[in-house]
Amino acid sequence: MTLLSMTSMQFSVDQKILEKFPGLSVEVIVARGVNNAGEKAEMMGLLRQEEKAVLGRVKREELSSLQKIMAWREAYRAFGAKPKEHLSSVENLYRRVLGGTDLRHINTLVDIYNYISLKYMLPVGGEDLKKVQDDIRLTFAGPDEPPVLLLGDKDPRAPKEGEVIYRDNLGAICRRFNWREADRTKLTEET
C-alpha cells in the first residue's frame, strides 16, 4: 500500500490496485489558502484558450482512438465498467468541448483542474478536505458499499463491487477511477 500523509489525513493506494494497473500514476496536490470565491477572468481566459486549442488539435470522431483516452477505456473495462456508458472524466470533458459546449464556471479550483485536464488530456479532480472523513483510499469497491450521491444525480447509488473508487470512512467520494465525484465532498466557493 502506498501512503502519502496530508497533515493528519493520509492518502493510500490499495496494493491490489497497483497489481491490477501496474502503470498507474496518481498525483496528489493539497492546496491551502486559496480564494475559491468568484470568477477569475484570467483563469477563464486560459480555459477558453485551451478549449479553442482542443478544437484545433482533436477531431471528435478520433477521440476514442487517442492513446490517453484508450488507456482509460481499457482501465474501465479491466474492472467491468462499460467505457461507452461511463466515460472517464477527461473523455467526457473533451466530448463536451468538441461538441461546441463552453465549460461553465463552477469555481476557481474546478476551472483550474478543467484547464489542466484539457491541456494535458489528463483526468483531474478535487475534494474539499474539510468534508472528507478520515483518510482517502484508492481501492476496489467491496460488496457492501454505502450508496453515494454523485454530482448531478437525484438519488444515491452504491458503487458496484469491484469497481475502482476513491473512498473515505463514509464511502465513495469518486466512482470508477475518475468517472464522477460525490456531491458530499465537492469543491465549492467556500472550499
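Before moving on, here are some points about what is shown:
- Lone unmet requirement of (1) modelled with pLDDT under 95; (2) part of a strand (DSSP E or B) for Gly80: (2)
- Just so you know, in the stretch 12-34 the residues that are charged (D, E, K, R) and part of a loop (DSSP other than H, G, I, E, B) include one that is modelled with the highest pLDDT, and it is Asp14.
- Failed item, numbered, when Gly23 is tested on (1) out of contact with any helix residue (DSSP H, G or I) (no Cβ under 9 Å at 6 or more places or on another chain); (2) exposed (fewer than 11 other Cβ atoms within 10 Å of the Cβ): (1)
- Lys59 falls short of the stated requirement of being open to solvent by 50 Å² or more (accessible area, probe 1.4 Å) and either closer than 19 Å to Arg176 by Cβ or touching a residue at least 60 places away in the same chain (Cβ under 8 Å) (or both).
- Asp155 fulfils the conditions (1) farther than 27 Å from Gly38 by Cα; (2) touching a helix residue (DSSP H, G or I) at 6+ places or on another chain (Cβ under 9 Å); (3) of a type in the set (Asp, Glu) except for a single criterion, (2).
Each row is one residue, and each column tells you yes or no for (1) touching an Asp or Glu at 6+ places or on another chain (Cβ under 7 Å); (2) over 26 Å from Gly23 (Cβ atoms).
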| residue | (1), (2) |
| --- | --- |
| Glu85 | no, no |
| Arg104 | no, yes |
| Leu109 | no, yes |
| Ile136 | yes, no |
| Arg157 | no, yes |
| Arg175 | yes, no |
| Glu190 | no, yes |
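- Taken together, the criteria place Gly126 among residues that are in a loop (DSSP other than H, G, I, E, B), over 24 Å from Gly56 (Cβ atoms) and at pLDDT 95 or above.
- Check on Lys119, among the charged types (D, E, K, R), within 23 Å of Leu24 (Cβ to Cβ) and open to solvent by 30 Å² or more (accessible area, probe 1.4 Å): yes
- Selection of the stretch 93-123 for residues being without any contact (Cβ under 8 Å) to a residue 40 or more places away in the chain and within 13 Å of the chain's Cα centre (by Cα) yields Leu93, Tyr113, Ile116, Ser117.
The values are calculated or read from the model by the stated rules, or taken from the named source; none is laboratory data. The model shown is predicted, which means the values in this text are computed figures rather than measured ones. Cβ sites come from the backbone with ideal geometry, for glycine too, and all protein chains shown count toward neighbours. Just the protein is used for accessible areas: all its heavy atoms, side chains included, with ligands, DNA and RNA removed. Shrake-Rupley method; radii C 1.70, N 1.55, O 1.52, S 1.80 Å.
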